[in-house]
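None of the figures in this text is laboratory data; all of them are computed from the coordinates on show. The structure displayed is predicted, hence computed values, not measured ones. So basically every Cβ, Gly included, is an ideal-geometry build from the backbone, and we count neighbours across all protein chains shown.
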Amino acid sequence: MDTTKPIDRRSLLRGGAAVGAAMTFGPWDASADVAQPAAGTIKVGVIGCGSVSRPYLSHLARCPLVELVSVCDILPDRARQAADRHKIPHHYPHIDPMLAGASFDLFVNLTDMQEHERLNELALEAGRHVWSEKPIANSLDAGQRLLELARKKGVRLWGAPTVVQSPQFAFMAKTLGEGKLGRLAAAHASYGHLGPNWASFFYTEGGGSLPDLGVYSLTTLTGLLGPAQSVVAMTSVVTPTRQITGRGEITVTAEDNAMILLDHGNGVLSHVQSGFNYFTPHEHSSTQQDHHTISLTGTGGSMSLAGYDWAPHAVDLATREHHRFQRHADARSDYVWENGASLVAECLATGREPLFTPEHALHVVEIMTAANESQKTGQRIPIRSTFPWPVL
């Protein structure tokens, strides 16, 4: 093989980044029979009325294809307040009366991450389309069962994050596809802050910095470089106890510090670090920082993302032809991290497919569970799943 020849993303795929891992599950067949909501707008029910719901509900309320029908929260006052704020006609204290109550098409799950899998299954069983905040499930096998259930019920299932929808991701993918970085070698991503203090689920089994923070970088890098073939990782607990508002001191039982190495095939390696012990001048503000959180390098150039991938600002690119970094994809756009439910509502209403897929979300779930297994065993863990790639 001529190792000096630039390799594009499709060549990477043909070279074994995903083909070698036989499809554990196939991509969604958009032509398959799917339960169709009523013509016009998509009726939406949202479960989980905490902090994440505020930008979500605001975005959904502005979407012309969405009718917000109901909200649900185990704290009834919180559901009522959300309903009042957005003039939503129905609110419920539990998923059962929500699913049995006012009819809706799309179930939007914004609850604690450990609850996503269970609640997603209940909604699918009830014949609802599902949009889930990350992670979509707690394991690859469980996620595959959810996807099969969705097919059986004739509904759709998607999960956050939506980072592949940003114009910055599109620019980076196009640049790689054109071979401007030459023979791709390595990538690095980092995302962390000092950790939330408003809920304990971040620090208990099923939580951690990976499903809360690292999931973004893992989605971006696999989206750019192709599915991972294997994982080696180390995780740790740096801060053994945390002070949680309204709860007091808790013991941390999930990792709050993670380092993951991914093998994407054809010699391409990437590294993702995430944690709840990272001091940054602006915490995790999306508007007041411009540092490079994702970087890729090859024999012909380097490319870095300015800002976080869930709220990117621009892409800086340097090549053999232009040694100094030049800024690209820095125009204002309507991309926001909370756009997923609105995009899938658009898909249901118009048939226009988003770039993110449930297979990609489940691939990232498998990487995160493999990272924890690697820490426990000290072994390199093979990855079984894949997803439709290239993304663009």
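Annotations
- Across the chain, the mean sequence separation of Cα contacts (distance under 8 Å, 6 or more residues apart), normalised by length, yields a relative contact order of 21 percent.
- Check: segment 42-159 dipole with +1 on Lys, Arg Cβ and -1 on Asp, Glu Cβ, in debye: 380
- Residue with peak Gaussian network fluctuation, the chain [Cα springs, cutoff 10 Å], from Gln165, Gln229, Gln379: Gln379
- Loop sites in segment 237-341: chymotrypsin sites (Phe, Trp or Tyr not before Pro), DSSP, at most 12 other Cβ within 10 Å: Phe279
- Charge tally in the Cβ shell below 9 Å around Ala306, where Lys, Arg are +1 and Asp, Glu are -1, Ala306 excluded: -2
- Loop-resident chymotrypsin sites (Phe, Trp or Tyr not before Pro) (DSSP state other than H, G, I, E or B) in segment 170-235 with no more than 12 further Cβ atoms inside 10 Å of their Cβ: Trp198.
- For the chain, the mean residue ellipticity at 222 nm estimated from helices alone is -8500 deg cm²/dmol, where every DSSP H run of n ≥ 4 contributes -39500 (n - 2.57) and the total is divided by all residues, rounded to the nearest 500.
- Of the GluC sites (Glu not before Pro) found in segment 209-306, the ones in coil according to DSSP and having at most 16 other Cβ atoms within 10 Å of their Cβ are Glu283.
- Cα lying deepest toward the dipole's positive end in the chain, options Asn197, Gln375, Trp158, charges on Cβ: Trp158
- Residue of Gly154, Gly226, Gly214 that the Gaussian network model of the chain assigns the largest fluctuation, springs spanning Cα pairs under 10 Å: Gly154
- Global geometry of segment 42-159, whether rounded, prolate or oblate, following the gyration tensor of its Cα atoms and the 1.5 cut on a/c: prolate
- Unit charges at the beta carbon, dipole of segment 144-293: most positive-side option, Met234, Leu213, Ala173: Ala173
- Inter-label distance, nm, simple model (7 Å from Cα along the C-beta direction), Ala186/Ser51: 3.4
- Note on Lys180: aspartates and glutamates with a C-alpha under 14 Å away, same-chain residues under 8 apart excluded, are Asp8, Asp316, Glu321.
- Net charge of neighbours whose Cβ lies under 13 Å from the Cβ of Asn109, counting Lys and Arg as +1 and Asp and Glu as -1: -3
- Taking a straight line from the alpha carbon of Lys134, not one of the lysines sits under 16 Å away once near neighbours fewer than eight places off in the same chain are left out.
- For Lys174, the lysines whose Cα comes closer than 25 Å to its Cα, not counting residues fewer than 8 places off in the same chain, are Lys5.
- Dipole in debye (nearest 20) - segment 67-125, about Cα centre, beta carbon charges: Lys, Arg +1; Asp, Glu -1: 320
- Hydrodynamic radius of the chain per Kirkwood, over alpha carbon pairs, in Å: 21.5
- Listed residues His322, His91, His59, most fluctuating in the chain (Gaussian network, C-alpha, under 10 Å): His322
- The simple Förster model, with R0 at 51 Å and r as the Cβ-Cβ distance, assigns His323 and Asp77 a FRET efficiency of 0.30.
- Net charge dipole size for the chain [Lys, Arg +1 and Asp, Glu -1 on Cβ; Debye, nearest 20]: 660
- Of the residues Gly45, Pro135, His94, the one whose Cα sits farthest towards the positive end of the charge dipole of segment 42-159 is Gly45 (charges of +1 on Lys and Arg Cβ, -1 on Asp and Glu Cβ, taken about the Cα centre).
- A straight line joining the Cα centroids of segment 300-318 and segment 102-177 runs 27 Å.
- Counted charge near Val69, where neighbours are those whose Cβ lies closer than 12 Å (Asp, Glu -1; Lys, Arg +1): +1
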